[in-house]
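Here the structure is laid out as structure tokens; the discussion comes afterwards.
The values are calculated or read from the model by the stated rules, or taken from the named source; none is laboratory data. What you are looking at is a predicted structure, and each value in this text was computed from that prediction instead of being measured. Cβ atoms come from the backbone with ideal geometry, glycine included; neighbour counts cover every protein chain shown. Side chains included, ligands, DNA and RNA excluded: accessible areas come from the protein's heavy atoms. Shrake-Rupley method; radii C 1.70, N 1.55, O 1.52, S 1.80 Å.
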Amino acid sequence: MTVSLTQGLLIGLFAIIAGIDFWLEGFYIFRPMIVCTVTGLILGDLKLGIVAGGLTELAFAGLTPVGGTQPPNPVMAGIMTVVLAYTTGHTPATAIGLALPFSILMQYIILFYYSFFSILTKKLDEYAEKAETRKFSLLVLAPTVIVAITYGIIAFLSVYGAQEPMRALVNSMPGWLSHGFEIAGGILPAVGFGVLLKSMLKGEFMPYLLLGFTAACFIKFGNLMPVAIIGTALAIIEFYHDKKDADNDKKMKEIAAAAQNNGDGDDEDGI
């Protein structure tokens with residue numbers, strides 16, 4: 001399968017939109033689940049996009065910027081996972097590992113922009129001090145425009161311009177290396193989910209994790225709807241349990257406040 005010029009341009013345009021969203025963190029359409037789905041839709045293989053989106057989203061679930069560290073770029077990871085799977089015929093799990101170099105390349109470009117754009121702050125201070133609002137607005141907007149154009153160019157060149165060299169490179173790989181990428185791609189979602197659990201999991205929620213793991217491993221599901229229903233049921237149970245505890249705490253506070261008021265009244269009567 002090949003990517004046409006029109007498809008390459010559309011993916012580049014979507015990369016601009018997703019790149020701006022990632023730069024500003026506005027609507028979170030830059031998440032791999034959405035990026036992969038839209039890319040698959042543009043390529044005419046929505047199923048591939050959804051499957052790749054689920055795997056890539058899990059791989060990036062726990063990867064968030066912390067301090068000075070910057071995780072691999074989720075926009076390019078999502079786009080290239082679908083494109084590589086589409087053009088080479090490999091599974092999405094294998095394509096995740098093959099897409100990482102493009103994701104890391106975009107990561108370094110964004111890190112360079114973070115450092116480069118810091119020199120603009122002095123000029124912004126000057127414009128703000130002189131109340132030159134037009135120049136201030138243009139200079140604030142300039143980094144976003146530069147980042148957007150970069151996303152579009154990199155995505156288009158990677159998707160359309162480099163598809164033949166990529167296909168030749170992937171097809172020339174020996175079987176053991178392709179299998180290694182497949183194993184690595186299959187492990188990445190588990191690693192991403194594990195990183196997420198490391199920061200979010202609490203001891204009180206362990207029973208739900210074990211129950212969900214057991215259900216997913218040992219029950220033959222024809223689709224994911226039963227898993228979603230079980231998760232929804234557990235969430236509802238937890239919601240009403242917390243609500244009941246909150247109501248009880250509220251009643252106890254009201255009783256304590258009423259008792260205190262009665263006690264204060266008795267003291268005043270005694271005086």
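Yes/no matrix, rows are residues, columns are (1) modelled with pLDDT of 90 or more; (2) of a type in the set (S, T, N, Q):
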site: Gly12; (1), (2): yes, no
site: Leu24; (1), (2): no, no
site: Ile34; (1), (2): yes, no
site: Thr37; (1), (2): yes, yes
site: Gly40; (1), (2): yes, no
site: Leu46; (1), (2): yes, no
site: Phe60; (1), (2): no, no
site: Gly67; (1), (2): no, no
site: Pro72; (1), (2): no, no
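What tally of residues in the stretch 21-44 results from selecting those that are in contact with a helix residue (DSSP H, G or I) (Cβ under 6 Å, 6 or more places away or on another chain) and not in a helix (DSSP H, G or I)?
Residues flagged as in contact with a helix residue (DSSP H, G or I) (Cβ under 6 Å, 6 or more places away or on another chain) and not in a helix (DSSP H, G or I) within the stretch 21-44 amount to 3.
Please pick out the residue among Ile110, Ile79, Ile96 that is more than 19 Å from Thr150 (Cα to Cα), in contact (Cβ under 8 Å) with a residue 40 or more places away in the chain and open to solvent by less than 20 Å² (accessible area, probe 1.4 Å).
On the way: Ile110 fails: more than 19 Å from Thr150 (Cα to Cα); Ile79 fails: more than 19 Å from Thr150 (Cα to Cα).
Among Ile110, Ile79, Ile96, only Ile96 is more than 19 Å from Thr150 (Cα to Cα), in contact (Cβ under 8 Å) with a residue 40 or more places away in the chain and open to solvent by less than 20 Å² (accessible area, probe 1.4 Å).
Does Leu58 fit the bill of being of a type outside the set (Ser, Thr, Tyr) and either more than 15 Å from the chain's Cα centre (by Cα) or over 29 Å from Tyr114 (Cα atoms) (or both)?
Working: of a type outside the set (Ser, Thr, Tyr): yes; either more than 15 Å from the chain's Cα centre (by Cα) or over 29 Å from Tyr114 (Cα atoms) (or both): no.
No.
Here is a list: Ala18, Ala61, Ala52. Which entry is buried (at least 20 other Cβ atoms within 10 Å of the Cβ) and either touching a Lys or Arg at 6+ places or on another chain (Cβ under 7 Å) or part of a loop (DSSP other than H, G, I, E, B) (or both)?
Details: Ala18 fails: either touching a Lys or Arg at 6+ places or on another chain (Cβ under 7 Å) or part of a loop (DSSP other than H, G, I, E, B) (or both); Ala52 fails: either touching a Lys or Arg at 6+ places or on another chain (Cβ under 7 Å) or part of a loop (DSSP other than H, G, I, E, B) (or both).
None of the other options fit; the residue is Ala61.
Quick check on Gly231: is it at pLDDT below 70, within 24 Å of the chain's Cα centre (by Cα) and small (Gly, Ala, Ser)? Outline the logic, then answer.
On the way: at pLDDT below 70: no; within 24 Å of the chain's Cα centre (by Cα): yes; small (Gly, Ala, Ser): yes.
No, not satisfied.
Quick check, is Glu238 surrounded by 11 or more Cβ atoms within 10 Å (Cβ to Cβ), modelled with pLDDT of 70 or more, charged (D, E, K, R) and out of contact with any Pro (no Cβ under 9 Å at 6 or more places or on another chain)?
Details: surrounded by 11 or more Cβ atoms within 10 Å (Cβ to Cβ): yes; modelled with pLDDT of 70 or more: yes; charged (D, E, K, R): yes; out of contact with any Pro (no Cβ under 9 Å at 6 or more places or on another chain): yes.
Yes, satisfied.
Could you please give the count of residues in the stretch 21-43 that are touching a residue at least 24 places away in the same chain (Cβ under 8 Å) and surrounded by fewer than 16 Cβ atoms within 10 Å (Cβ to Cβ)?
1
How about the stretch 4-15: which of its residues are open to solvent by 10 Å² or more (accessible area, probe 1.4 Å) and assigned to a helix (DSSP H, G or I)? Even if it seems obvious, please write down each step before you answer.
Let us first name the residues in the stretch 4-15 that are open to solvent by 10 Å² or more (accessible area, probe 1.4 Å), namely 4-7, 9-10, 13-14.
The answer is Leu5, Thr6, Gln7, Leu9, Leu10, Leu13, Phe14.
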